[in-house]
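What follows is a set of notes on a single structure, which appears directly below.
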Amino acid sequence: SESVGRLRDAGYRYFKFDFNHVRGGRLHNPKLTRVQAMHHLFALLRRAAGEDSYVLACVGNAERSVVGLVDAVRIGSDSLAHWAPNPMADGLPRDPMNLSECSRTAAQSALANGVLYACDPDVTYTLPRNDLTWEELRTFHSYVGLLGGLAMVSEPLNLPAYAGDEAL
């Protein structure tokens, strides 16, 4: 929490806390349930970040232990630049969190979205790449938007690639 406090004092107001799973292994305090341990962790992080900061918890699902402590929750694992699964030779999915899977997890979390926290279906893409098309990108953004979800971008939207009629 000291590191978070120093960043807050330096002016940061957006905090993404990733890899905070307490599902496996032994807890420091064996009297706590895993839900209680996660709640205590995010209460500590929220106090350090401050109420005026935006806190994203990357916990991979709709997690009740962070309700009231975070502004947004990552509701799936990292998404890759594919619309559909990219199967391996044996037919098993290589990248289960493609954009169509992110759309499904966004729909499953829609009841929590904007009520308990904003649901973040992970990274999105703003230009076609790999096998992603403009139509698939528009579908994903429209679907997540209609569900009230979060789609953050960190790309420089002032580049010429975004100036055309097709640009999102």
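The values are calculated or read from the model by the stated rules, or taken from the named source; none is laboratory data. Bear in mind that the values here come from a model prediction, so they are computed numbers and not experimental data. Here the Cβ is made from the backbone with ideal geometry for all residues, glycine too, and neighbour counts use every protein chain on show. In case anyone asks, the SASA skips ligands and DNA or RNA and just uses the protein heavy atoms, side chains included. Shrake-Rupley method; radii C 1.70, N 1.55, O 1.52, S 1.80 Å.
As a summary of the residue check, Ala57 satisfies the conditions (1) over 25 Å from Leu137 (Cβ atoms); (2) over 12 Å from the mean Cα position of the chain (by Cα) except for the one numbered (2).
Residue count for the range 29-70 satisfying the condition of being open to solvent by less than 30 Å² (accessible area, probe 1.4 Å) and part of a strand (DSSP E or B): 4.
Out of Tyr162, Tyr117, Tyr143, one residue alone is at pLDDT 80 or above, under 15 Å from Arg74 (Cβ atoms) and aromatic (Phe, Trp, Tyr). It is Tyr117.
Which is more than 30 Å from Leu132 (Cβ to Cβ) and touching a residue at least 40 places away in the same chain (Cβ under 8 Å), of Ser65, Ser79, Ser1? Before you say what the answer is, go through the steps one by one.
On the way: Ser65 fails: touching a residue at least 40 places away in the same chain (Cβ under 8 Å); Ser79 fails: more than 30 Å from Leu132 (Cβ to Cβ).
It is Ser1.
Among the numbered conditions (1) touching a His at 6+ places or on another chain (Cβ under 7 Å); (2) exposed (fewer than 13 other Cβ atoms within 10 Å of the Cβ), the only one that Met88 does not meet is (1).
What is the number of the single condition among (1) part of a helix (DSSP H, G or I); (2) surrounded by 22 or more Cβ atoms within 10 Å (Cβ to Cβ) that Val73 does not meet? Condition not satisfied by Val73: (1).
Hey, among Val4, Val55, which residue is under 20 Å from Leu150 (Cβ atoms), of a type in the set (A, V, I, L, M, F, W, C) and modelled with pLDDT of 90 or more? Step through it out loud before you land on a result.
Details: Val4 fails: under 20 Å from Leu150 (Cβ atoms).
The match here is Val55.
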